[in-house]
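**Student:** Questions regarding the structure given below will be posed in turn.
The values are calculated or read from the model by the stated rules, or taken from the named source; none is laboratory data. Values in this document were obtained by computation on a predicted structure and should not be read as measured data. FYI the Cβ positions are ideal-geometry reconstructions off the backbone, even for glycines, and counts take in every protein chain you see.
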Amino acid sequence: MLNEKLVKFCDNNFNDGKSILKKLFEYKKMLIKENETMNLIGKSTIADLDVRHLLDCIQIVKYLPPQEKSLMDIGTGAGLPGIILSIAGFKNLHLVEKSIKKSLFLESCKLRLGLNYEVHNKLITELPNLKIDCITARAFASIEKIISMTKKMINKQTKFILLKGRSYYTELEKISPQKFFWETHQSITSNESKIIIMGAK
């Protein structure tokens, strides 16, 4: 079973909500099983996994560009939000994860769930000069650091969709409003969390 809030969100926002929920449930089972031997998510968050991780990630689809655009999830870890976006239908998708073990988990999910994305088992700074339309990140690095790491693959059309906790305001204070624009949206899973949408001016 999946949490009612997650089920309602998928039913209201996708034509194929039932298919998406089925894959989310399979992914959830893989995540819990592999988490027994690998630190994919905090053990204290497993009880509320549906809202804390799955719903928290899938909510950003409302802010993403059309599905044919290129997306990159940096520091994707267990595939949050990268795998969730793939389940939601995004196909031109790059998942960046430096850990070999986590990268193997991402490849395993891709095969078992029939998903479509490319895993890059590298540091972000080691990636080739890919031109990316949208960059996502969750529980990864500061906004300033994310911009610095991805500077060779972004242009004025590139958007950042960042899931941030209570530190978001302090992080935004370090970003130049002359160089970047941004807007903040309230997360539906936590009063302390925000979704930051950002791009170069």
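**Student:** Is it the case that the stretch 128-135 has a residue that's surrounded by 19 or more Cβ atoms within 10 Å (Cβ to Cβ) and touching a Cys at 6+ places or on another chain (Cβ under 7 Å)?
**Tutor:** No; the residues of the stretch 128-135 include none that is surrounded by 19 or more Cβ atoms within 10 Å (Cβ to Cβ) and touching a Cys at 6+ places or on another chain (Cβ under 7 Å).
**Student:** Taking the stretch 153-201 on its own, how many of its residues are closer than 19 Å to Thr76 by Cα and basic (Lys, Arg)?
**Tutor:** Selection size over the stretch 153-201: 3.
**Student:** Taking interchain pairs and intrachain pairs at least six residues apart, which have beta carbon atoms under 6 angstrom, with the first residue in the stretch 142-154 and in contact (Cβ under 8 Å) with a residue 60 or more places away in the chain and the second surrounded by 14 or more Cβ atoms within 10 Å (Cβ to Cβ) and in a helix (DSSP H, G or I)?
**Tutor:** Met149/Ile124
**Student:** Now for a different question. Scan the stretch 1-30 for residues that are under 17 Å from Gly114 (Cβ atoms), of a type outside the set (Ser, Thr, Tyr) and outside any loop (DSSP other than H, G, I, E, B) and jot them down.
**Tutor:** Lys18, Ile20, Leu21, Lys22, Lys23, Leu24, Phe25, Glu26, Lys28, Lys29, Met30
**Student:** Would it be correct to say that Met38 is of a type in the set (A, V, I, L, M), in contact with a helix residue (DSSP H, G or I) (Cβ under 7 Å, 6 or more places away or on another chain) and surrounded by fewer than 19 Cβ atoms within 10 Å (Cβ to Cβ)?
**Tutor:** When the stated conditions are applied, Met38 passes them.
**Student:** Which of the residues spanning the stretch 97-118 are free of Cβ contacts under 8 Å to residues at least 60 places away in the same chain, under 11 Å from Gly77 (Cα atoms) and not polar (S, T, N, Q)?
**Tutor:** Of everything in the stretch 97-118, those that are free of Cβ contacts under 8 Å to residues at least 60 places away in the same chain, under 11 Å from Gly77 (Cα atoms) and not polar (S, T, N, Q) turn out to be Glu97, Lys98, Ile100, Leu104, Leu106.
**Student:** Another question about this same structure. Consider the stretch 61-92. How many of its residues are within 13 Å of Cys134 (Cβ to Cβ) and buried (at least 23 other Cβ atoms within 10 Å of the Cβ)?
**Tutor:** 8
**Student:** Which ones in the stretch 43-76 are part of a loop (DSSP other than H, G, I, E, B) and either in contact (Cβ under 8 Å) with a residue 60 or more places away in the chain or within 20 Å of Ser187 (Cα to Cα) (or both)?
**Tutor:** Correct list: Leu64, Pro65, Lys69, Ser70, Gly75, Thr76.
**Student:** From the set of residues in the stretch 108-127 that are within 21 Å of Asn39 (Cβ to Cβ) and surrounded by 16 or more Cβ atoms within 10 Å (Cβ to Cβ), which is modelled with the lowest pLDDT?
**Tutor:** Filtering the stretch 108-127 for residues within 21 Å of Asn39 (Cβ to Cβ) gives 108-110, 112, 119-124.
This time we only want the ones that are surrounded by 16 or more Cβ atoms within 10 Å (Cβ to Cβ), so: 109-110, 119-121, 124.
Details: Cys109: 98, Lys110: 98, Val119: 98, His120: 97, Asn121: 97, Ile124: 92.
It comes out as Ile124.
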